[in-house]
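A short worksheet on the structure shown next.
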Amino acid sequence: MREAPIGVFDSGVGGLSVLAEIQRLLPNESLLYFADCGHIPYGEKTPEFIRQRCNVMAGFFREQGAKALVVACNTATVAAVADLRRDFPDWPIVGMEPAVKPAAAATRSGVVGVLATTGTLQSAKFAALLDRFATDVRVITQPCPGLVELIESGDLHSAELRTLLQGYVDPLLASGCDTIILGCTHYPFLKPMLASMIPETISLIDTGAAVARQLQRLLAERDLLAAGPDRPVRFWTSGDAKHFSQTLPLLGQTAFDVQKFSL
């Protein structure tokens with residue numbers, strides 16, 4: 001089981017930001033990635049629909065012999081990770097959550113901004129994070145419809161993207177935020193553009209590296225860390241495999257093989 005792969009999934013390409021952190025921390029591991037592009041965006045879907053999709057992909061990774069599962073999507077984690085852990089109690093499962101705790105600890109102004117999907121911001125899980133870790137800070141939330149779709153298209157530089165993103169960032173800056181949480185796994189790919197919009201004194205925080213560390217810890221506890229060598233990442237998508245293959249290099253991945261799989 002040590003040399004078995006790890007399954008990683010997201011609604012689309014956003015989870016590649018998490019995949020990259022896992023690759024950096026755990027270079028000997030073999031990785032499987034499923035992009036549910038045929039049903040994106042999750043942020044506008046019902047929790048029931050998202051739970052059904054997550055259950056389908058978890059079952060797919062079980063069939064592939066995965067030794068662990070990473071839900072590399074904030075919206076999917078909110079909707080489904082509790083059910084997945086209940087249904088697969090023998091399986092290490094790591095989910096995402098907005099980095100409220102580290103952001104609250106890092107802020108100097110006492111004002112934290114959050115860029116996220118509507119589904120994440122409206123969830124009980126996010127409200128619980130605020131109640132637990134942000135009672136002493138002011139949190140300004142900003143839903144960001146449209147960003148995921150542009151990133152999915154491979155757009156990281158257009159004037160349309162800049163205008164949309166600027167409209168979401170400006171209210172946070174006007175509120176005095178000195179720390180901004182990137183509450184969707186797609187958003188780390190916007191860091192270069194964000195850096196041109198915000199002062200250098202503002203911190204951008206995401207949770208990809210923390211997820212990789214949690215995965216490492218869970219695997220070590222179960223004596224499941226691989227000795228390597230790793231193998232190329234195997235990719236599947238429920239969307240357009242050709243488009244997904246063309247987008248991967250733009251986001252730092254090499255597409256040796258992308259399979260279309262209509263789950």
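The values are calculated or read from the model by the stated rules, or taken from the named source; none is laboratory data. Here the structure is a predicted model, which is why all the values come from computation and not from measurement. For neighbour counting, all protein chains shown are included, and Cβ atoms are generated from backbone atoms with ideal geometry for every residue, glycine included.
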* To do: State whether the residues of region 238-247 include one that is under 13 Å from Q23 (Cβ atoms) and of a type outside the set (S, T, Y).
  => no
* Go through region 223-252 and count every residue that is at pLDDT 90 or above and closer than 21 Å to M57 by Cα. => 14
* To do: Kindly provide the set of residues from region 143-170 that are touching a residue at least 40 places away in the same chain (Cβ under 8 Å) and assigned to a helix (DSSP H, G or I), ordered by number.
  => L147, V148, E149, I151, E152, Y168, V169
* In region 112-142, the residues that are assigned to a loop (DSSP other than H, G, I, E, B) and either among the hydroxyl-bearing types (S, T, Y) or touching a residue at least 12 places away in the same chain (Cβ under 8 Å) (or both) -> T117, S123, A134, T135, D136, V137
* What is the one condition in (1) farther than 22 Å from L121 by Cα; (2) modelled with pLDDT of 95 or more; (3) of a type outside the set (G, A, S) that M1 does not satisfy? -> (2)
* Asked: For the subset of region 64-79 comprising residues that are touching a strand residue (DSSP E or B) at 6+ places or on another chain (Cβ under 9 Å) and modelled with pLDDT under 95, which member is surrounded by the fewest Cβ atoms within 10 Å (Cβ to Cβ)?
  -> T77
* Only one of T77, T46 that is in contact with a Gly (Cβ under 6 Å, 6 or more places away or on another chain) and β-branched (V, I, T) -> T77
* Just need a number here: residues in region 110-147 that are more than 17 Å from the chain's Cα centre (by Cα) and either of a type in the set (K, R) or in the same structural domain as P41 (by TED's automatic domain parsing) (or both). => 2
* Which one of the conditions (1) in contact with a strand residue (DSSP E or B) (Cβ under 7 Å, 6 or more places away or on another chain); (2) surrounded by 13 or more Cβ atoms within 10 Å (Cβ to Cβ) does D257 fail to meet, given that it meets all the rest? -> (2)
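Residue by residue, here is whether (1) outside the structural domain of G252 (by TED's automatic domain parsing); (2) in contact (Cβ under 8 Å) with a residue 24 or more places away in the chain; (3) within 15 Å of the chain's Cα centre (by Cα) holds:
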residue	(1), (2), (3)
F34	no, yes, yes
T46	no, no, no
R51	no, yes, no
F60	no, yes, no
A80	no, yes, yes
R86	no, no, no
R108	yes, yes, no
